[in-house]
Every structure is written in structure tokens, then in C-alpha cells.
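First the structure, in the form of C-alpha cells, and then the observations on it.
None of the figures in this text is laboratory data; all of them are computed from the coordinates on show. For clarity, every value in this text was computed on a predicted model and none was experimentally measured. Counting neighbours? That spans all protein chains shown, and the Cβs are built from the backbone with ideal geometry, glycine included.
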């Protein structure tokens with residue numbers, strides 16, 4: 001399983017010849033998975049919290065960490081949008097601007113929402129971007 | 001190809017039930033790929049630099065960015081070591097401490113080295129950790 | 001002069017009723033002015049450097065600081081794009097996405113360029129965004 | 001209005017010939033406006049919060065963001081105090097040290113206070129500094 | 001007293017000849033003292049809070065600041081572990097890996113615990129590391 | 001030696017009852033020692049650099065790291081000045097503002113200077129502040 005998950009990405013990167021060179025939507029995705037996991041744990045605070053803290057404190061910490069993770073999602077998406085994608089990509093995928101705008105707005109919304117379904121929408125938006133990303137890398 | 005590279009990791013994460021929950025050695029790996037790519041570009045500065053800058057300036061920027069990327073490699077590895085791995089993992093993989101110590105020291109060395117083979121050694125060290133990581137997730 | 005420069009902005013903010021509330025393209029502009037000033041000083045390193053450092057060291061420091069300032073320009077622009085602007089703004093200013101994409105790419109280019117005219121293009125791009133921003137605030 | 005608010009500052013900066021060159025009290029002021037806006041919203045949490053979050057969570061997030069904004073106010077003021085102002089300024093404005101000490105302490109107090117009048121005092125302190133700043137730039 | 005506390009450390013540092021050269025477990029210790037102090041104040045929130053804030057808000061801020069301080073403890077310890085300690089130290093102190101692993105895990109636990117006794121355990125773990133550190137410096 | 005260097009500071013902290021509670025000029029001093037050490041190594045680049053890098057690259061990295069360390073010196077001093085010192089301290093030590101202004105300006109100068117004697121002046125300025133700090137703690 002491990003072999004399968006790492007090899008394709010590595011090969012693709014070997015074809016990369018841009019100035020900075022290494023981009024990967026996985027960076028945004030991992031932080032977004034964290035956002036969704038925090039939303040789930042927030043809801044199950046009583047069960048998820050560790051012994052020495054109150055559910056109230058656990059939720060307060062969850063909100064704080066979610067804020068930071070959502071900021072990281074935004075940051076990684078912004079970098080992809082500005083630094084990786086080029087005008088020729090936009091020609092082929094004219095929906096690019098809208099996709100990134102929606103996805104980063106969804107990341108902002110994640111700060112206010114404790115609903116894992118909202119986090120899933122963020123993950124879906126990132127996957128849509130990732131699909132295009134890997135298509136352009138394979139091209 | 002995209003499907004192949006993302007699906008396994010996603011499934012594994014769904015089984016995650018730790019306090020913070022989401023860990024992924026890919027975070028360290030992506031930064032380390034960046035380190036190695038910068039080492040390669042440093043060597044080919046004349047060819048890789050963009051028009052408006054001198055090769056000297058390009059190398060100066062490369063050194064600076066490599067420094068930051070190597071710090072990120074260290075950070076992501078340290079988080080895995082302290083936050084993800086538990087005593088029961090150490091029992092099964094007694095080499096864990098040494099692996100992380102060596103890998104983070106290799107990341108420190110990457111700041112001083114412009115040799116992509118050094119960067120490859122860093123990537124190999126991360127892959128060795130990742131192999132164990134995914135085995136513990138599958139267990 | 002001071003009165004003139006601060007009063008209008010303050011009044012406009014008083015009408016602000018968004019979730020985060022306070023946005024100002026001046027944040028991106030100030031960092032971009034810094035970028036352009038660094039490009040100019042890089043060129044005049046011999047004259048601009050202080051006594052205890054060599055021109056070579058002065059330029060090395062200039063490159064490093066410019067890198068950080070350009071990153072701040074990007075960050076402030078991305079925040080405006082995702083957090084401040086709303087679909088109704090996009091309807092009225094359909095060029096918004098393109099403007100931000102171009103401006104943040106120009107900020108990326110500023111890391112590689114030591115030419116103040118490039119920095120001026122970055123400032124012009126920000127001013128174009130700022131013009132729209134203040135029109136939407138006045139609306 | 002836009003023209004009026006940006007042109008004077010730009011002109012002043014053109015005369016700037018210091019080592020780092022670009023300073024602007026607007027950086028501290030914008031963050032302080034954010035502090036005051038958060039204090040107001042904290043008080044009106046029920047009305048200001050967005051649909052998917054509780055008033056309690058909204059206030060928790062407000063406290064966290066206010067903490068960061070107040071830190072940025074301090075940072076921008078400290079930079080002005082140490083980096084921009086010179087002994088000759090202090091001679092003409094002997095109250096400078098006290099003004100900055102009071103203003104940064106007020107920013108620290110803003111972390112503990114949910115009262116917009118406290119935030120206004122912070123803004124007033126910054127305006128007093130800004131007045132002197134622009135006088136020294138015009139000199 | 002002041003003389004006594006600063007002079008020894010200064011002398012020891014003068015013998016330092018490593019690449020980065022300056023390390024000091026005091027960096028981790030100061031942050032850990034802060035962690036413990038916050039745990040104490042959290043418990044005495046009613047008495048410790050300042051006038052303009054509620055005990056609830058005080059505790060929310062305490063949790064947030066403790067999170068950051070605990071992260072700094074981890075960071076300073078990780079740097080010591082990877083950057084300062086060398087294989088020859090490990091030979092003489094084979095418990096080093098375990099000490100750092102335990103200490104950084106204790107720092108992670110401090111985020112969840114409001115018990116100053118937990119904070120004291122973190123301080124004790126750091127003191128144990130510091131003892132070894134100063135022995136290696138004196139060697 | 002270890003006992004001697006850590007015990008006094010610890011005792012003093014036990015008497016601390018301020019809102020944030022834990023301050024220590026050692027934080028600024030450690031970073032300033034690093035600044036001075038880097039200035040020394042910059043001068044001896046040929047001897048100090050590690051095998052895989054050129055002296056030129058070593059110096060470029062030294063400049064970059066010195067910049068960051070000097071910023072940390074400033075930050076820790078600013079925090080002491082604004083957060084720890086109170087009006088009653090200023091009454092007894094009316095030179096406080098000037099001491100901090102001079103010390104933070106010296107930290108700024110350290111970015112431009114490769115002369116360890118300049119770094120020593122920064123250390124002396126911090127020691128002067130530390131002397132007052134510990135006197136106020138003992139009072």
C-alpha cells in the first residue's frame with residue numbers, strides 16, 4: 001500500500017521544471033483533513049477529550065487549532081493558485097479562478113462551522129483542484 | 001494515476017482515532033523534495049535562473065529558501081516523532097529514535113550541502129520512517 | 001496633510017459590517033513600496049550600504065528582505081481576494097480574479113527582479129485593486 | 001475620495017532615504033481598528049455571529065483573534081519606535097518614549113478588555129504617534 | 001545574585017565551537033515556567049484575572065497562550081536534541097533519546113492539563129536534560 | 001556549576017505575581033550571544049565552514065541567520081520593556097527608556113555589522129538592562 005501511494009507522485013515530480021519546482025495539493029488536503037477531524041471531535045468533546053481537561057476547555061482548544069489549520073489550508077491553496085498554475089492551464093481549465101476562490105472561502109467558513117459535512121465540502125473542493133493539478137502534471 | 005495516489009492515504013486516515021488525529025509523513029517528504037530540487041537548481045544556476053537576475057543572486061536566494069525548507073522538514077519529522085509515535089510503536093520498532101535523530105540531522109546538513117545526493121539521503125531517511133508509519137496505521 | 005490622508009479611510013471603515021470587518025489595501029501597498037525601495041537600493045548598493053558592511057553583503061541582505069516583503073504583499077492580497085470580496089463584487093467587477101492573479105504573480109516576480117520598474121508595475125497592480133476596493137466600500 | 005487618501009502618503013514616501021526606507025503608522029492603525037471592531041462584535045456576539053456557530057464559540061474566536069491583532073499592533077509600533085525614530089526626532093519630541101510605552105501597554109491591555117472605548121484609546125494613542133511621524137516626514 | 005546567575009553560563013559558552021555554537025536549555029525552561037504559571041493562574045482565574053475581563057475569558061486566553069508556550073518548549077527541546085547533541089554524547093548518556101521523547105510528550109500533555117503539578121513534571125524533565133547538557137559543556 | 005547557574009533564577013521567579021508572570025532577560029541574551037558568535041564565524045568563514053559548502057555560501061547563510069537572531073533580540077527586549085517594566089520601575093530607573101531604545105537600535109545595527117565588538121556592545125547593553133531587571137525582582 002505504501003509503495004502504491006508514494007511512487008506515482010515521485011515520478012510526476014521528476015518531470016517538474018518550474019522555478020520552485022515542487023508543488024503538491026496534498027499539503028492543503030492534509031490540513032483540511034485535520035479541520036474535518038477537529039469538527040468531528042468538537043461534536044464528541046465529552047468522549048474525545050483527555051482525562052485532565054473539561055469538555056469546555058477541549059472545545060476551546062479545538063476552535064483555536066481549527067482556526068490555524070484552516071489558515072494553512074488557505075495558504076497552501078493560494079500558493080498553488082498563484083505560483084503553480086500558468087495562463088496555459090487557465091485556458092484549458094477556465095474554472096480555475098472560481099474553484100480556488102470557492103475553496104479558500106470554504107476554508108474561511110470552516111473556522112465558523114463545527115459541522116464535519118462542511119469540512120467534507122472543503123475536502124471535495126480541494127480534490128477537484130487536485131484532479132486538475134495532476135492532469136496538468138501528466139500532460 | 002491521481003486516484004491511485006490519493007485513495008490509499010485517505011482510507012487509512014479514516015481509521016485514525018488519536019487526539020490530534022491527522023498525521024502524514026508526506027508533509028516532511030514534500031519539503032525534502034523541495035530541498036533536493038533546490039540543490040539541483042543551485043548547481044545549474046546559470047541555466048535555471050530567470051532572466052532578470054544574476055546567477056549569484058539566484059544562488060543566494062536558493063540558499064535562503066533551502067534553509068527554510070530544511071527547517072520545515074525538521075519540524076514535520078519532530079511532530080511525527082513526539083506526537084504520533086507511542087511506546088507500543090517503539091517496542092515493535094526499537095530503531096525509531098535513531099531513525100528520527102538521523103533524519104533530522106540530515107535535514108540540518110542539507111542547509112550546508114548543495115549536493116542533490118545529500119538531499120536524496122534525506123528523502124531515503126524519510127521514506128524509511130514513512131514505511132514504518134504506514135505499517136503502524138495498517139496494523 | 002496628515003489629516004487629509006487618514007480621515008477618509010477612517011470614515012469608510014465606520015460603515016464596515018462584515019464578519020472580520022477591517023480590510024485595507026494599504027497593507028499590501030506598504031509592503032510593495034518596500035519591495036520597490038529595496039530594488040532601488042540594491043542597484044545603488046555602494047552608496048546605500050552602511051559603513052560596516054560590504055556592498056556584497058548589503059545586496060545579500062536586500063535579496064533576503066525583499067523575499068519576505070514580497071511574501072507579505074502576496075499574503076495581504078490573497079486575504080483581500082478571498083475574505084473581503086463577495087460574489088456581488090465579482091458581478092460588478094468581473095476582472096477581479098484576473099487582477100489578483102496578475103498582482104500576486106507580479107509579487108512573485110519581484111523576488112527575482114532587481115528592477116524598480118518591475119516594483120512599480122506591482123504597485124500599479126495594487127492601486128488598480130485598491131481603486132475597486134474603495135469603490136465597493138463607498139457603494 | 002480614493003485619490004485623496006492615497007496620494008499624500010505616496011508623495012511623502014518618495015522623499016524617504018533611510019536604510020529600510022518605508023515606514024507607515026497605518027500598519028499599526030489598521031490592526032488597532034481590527035482590535036476595536038472585535039471588541040464591538042464580542043459585545044454583540046448574538047447578532048454578529050454567523051449561523052453555524054454558537055455565541056460562546058464566536059466569543060472564544062474573537063478573543064483569540066484579538067490577541068493576535070494586539071500583538072501585531074505592538075510589533076508595528078515597536079518597529080517605528082526603534083527603527084524609524086532617530087535622536088534628532090527625540091530632541092524635538094521628548095515625549096516620544098512615553099508615547100510609545102503607553103501605546104504598546106494599551107495594546108497589551110486590549111487583550112484583556114472587551115470594551116470598544118479601550119480600543120478607541122489605543123487608536124487615539126496611535127494617532128498621536130502618527131501625527132508626529134508625518135510631521136517628521138514633512139520636515 | 002545577578003552576577004552569580006549569569007557568569008557561569010557565559011564562561012561555558014566561550015568554549016563553544018560547534019557550527020551554530022550557542023545552545024542553552026534555559027530557553028525551554030523559561031517557556032515551561034510560563035506553562036506552569038499559566039496552569040496555576042487558570043485555577044485561580046477569579047483572583048488572577050484583571051478587572052475588565054470575565055473569569056471565563058481569562059481561562060480561554062490562558063488555554064490559548066499555554067498552547068503556544070508548550071509549542072515553544074517542544075521546539076527548543078527538539079533543537080537541542082537534533083542540533084546540539086552528538087553521537088559521542090549519546091554513548092555516554094544512552095538515555096538521551098528517551099529523555100527528550102518523554103519531555104516533549106510532557107510538553108504536549110501540558111496543553112491538555114491545567115494542573116501545575118503536571119507543569120512541574122515538565123520542568124523536572126527539562127532540568128534532567130539541562131544537567132546532562134551542562135556536564136557535556138564542562139567536559 | 002550547573003546548580004549555581006539555575007538555582008537563583010528559579011527562586012526569583014517563585015516570587016513573580018504579574019499577569020503573564022515569567023520574564024527573563026536571558027532570552028534576549030542567548031540570541032545576542034548567537035549574533036556575536038555569528039559575527040566571529042563570519043570573519044573566520046574559511047575555517048568555520050563545513051566541508052560541503054563554499055566560504056561564500058557560509059557567509060551568505062551567516063548573514064541570513066544573524067538577521068533572524070537580531071530580530072529575536074529586539075523582540076525579547078521589546079516585550080521586557082512594554083510588558084514587564086511598570087511606571088514605578090521607571091521612577092527608580094529613569095534611564096530605562098533610553099537603555100531599551102539604545103539596545104534595540106544596537107540589535108538593528110548588528111544586522112549590518114560583521115564585527116564581534118559590535119555584538120559585544122549589544123551584549124553589554126542587555127547586561128545593563130538585566131542588572132536592573134534582577135534588582136527589581138529582588139526588591
- Note on the structure: When chain D is treated as a Gaussian network with springs between alpha carbons less than 10 Å apart, the largest mean-square fluctuation among D:34, D:113, D:54 is found at D:54
- Could you give the nm distance between label points at residue F:71 and residue D:44, where each point is 7 Å from its Cα heading toward the beta carbon? 3.7 nm
- Item | Value of [θ]222 nm, deg cm²/dmol, for chain D, DSSP H segments ≥ 4, -39500 (n - 2.57) each, nearest 500 | -24500 deg cm²/dmol
- Order of B:98, C:67 under a 10 Å beta carbon neighbour criterion, fewest first: B:98, C:67
- Quick note on A:65, B:38, ordering by fewest other C-beta atoms within 10 Å, gives A:65, B:38
- Shielding of E:59-70 by partners, i.e. mean partner chain Cβ atoms within 10 Å per residue? 5
- Most exposed to least, judged by fewest other Cβ atoms within 10 Å, C:131, C:112, B:66 sort to C:131, C:112, B:66
- Query: Cα axis of helix E:116-138 to longest principal axis of chain E: angle in degrees, 0 to 90, nearest 10?
  - Reply: 20 degrees
- For the protein assembly as shown, how big is Rg over Rh, using alpha carbon atoms and the Kirkwood form of Rh? 0.93
- Which values of log₁₀ I(q)/I(0), to two decimal places, follow from the Debye formula for chain E at q = 0.09, 0.13 Å⁻¹ with a uniform point scatterer at every Cα? -0.33, -0.62
- Note on the structure: Largest fluctuation, E:61, E:69, E:41 only, Gaussian network model of chain E with Cα springs under 10 angstrom, belongs to E:61
- Translational D in µm²/s for region A:64-139 (Stokes-Einstein at 37 °C, 0.692 mPa s, Kirkwood Rh from C-alpha pairs): 256 µm²/s
